[in-house]
Amino acid sequence: MSFLDRVLGRRDATRQRALSAAVAAVDRELAANLELSAMFDSTHQAFVFENAAFEREAGVLRAEMGAVHFDGVAAVYRDMPSVETAMERRGPANSIRPEDRALIETWEGDVRVAQRALRDALSQHPPPVWELLLARLRGGKHSGR
């Protein structure tokens, strides 16, 4: 990253390409998982969600997204096993318990929020050096995200 890019708060081209590739891969994976979840709604057959893209790209996302947004995406993947388990549980006549249905639907909403956070990360840039310097002079820390 050049000094000028850092002063102006721009991400260098290499890091931007890495972030774009990571966001695209994880966004596609989450979209596929939502599709599987929609199939569950109609078939009531449990599915195993994909998580390989997130595991592969987590380092880039963590470095470029900031802790708050990354933690939201990571929470979606952390909650996947409990959602898969809720899909597998069955009651009488292949019914789904209300609390399992609520867990699944809440997770689907969280996936959509995570997708928005991923897409927003592409347009967010690191804070400029001068902004960090001013924040430090004022006695605070600037989170930047």
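Things to note:
- Distance between the 7 Å Cα→Cβ label points at Arg15 and Ala93: 5.8 nm.
- Centre separation in Å (Cα based) which lies between the stretch 47-71 and the stretch 91-109: 26
- Residues Glu88, Glu108, arranged from fewest to most other Cβ atoms within 10 angstrom of their Cβ, appear as Glu88, Glu108.
- Each Lys or Arg adds one and each Asp or Glu subtracts one; over the other residues with Cβ under 14 Å from the Cβ of Arg116, this totals -2.
Each value in this text was obtained by applying a stated rule to the coordinates, not by laboratory testing. Here the structure is a predicted model, which is why all the values come from computation and not from measurement. With ideal geometry, Cβ positions are generated from the backbone for all residues, glycine too; neighbour counts draw on all protein chains shown.
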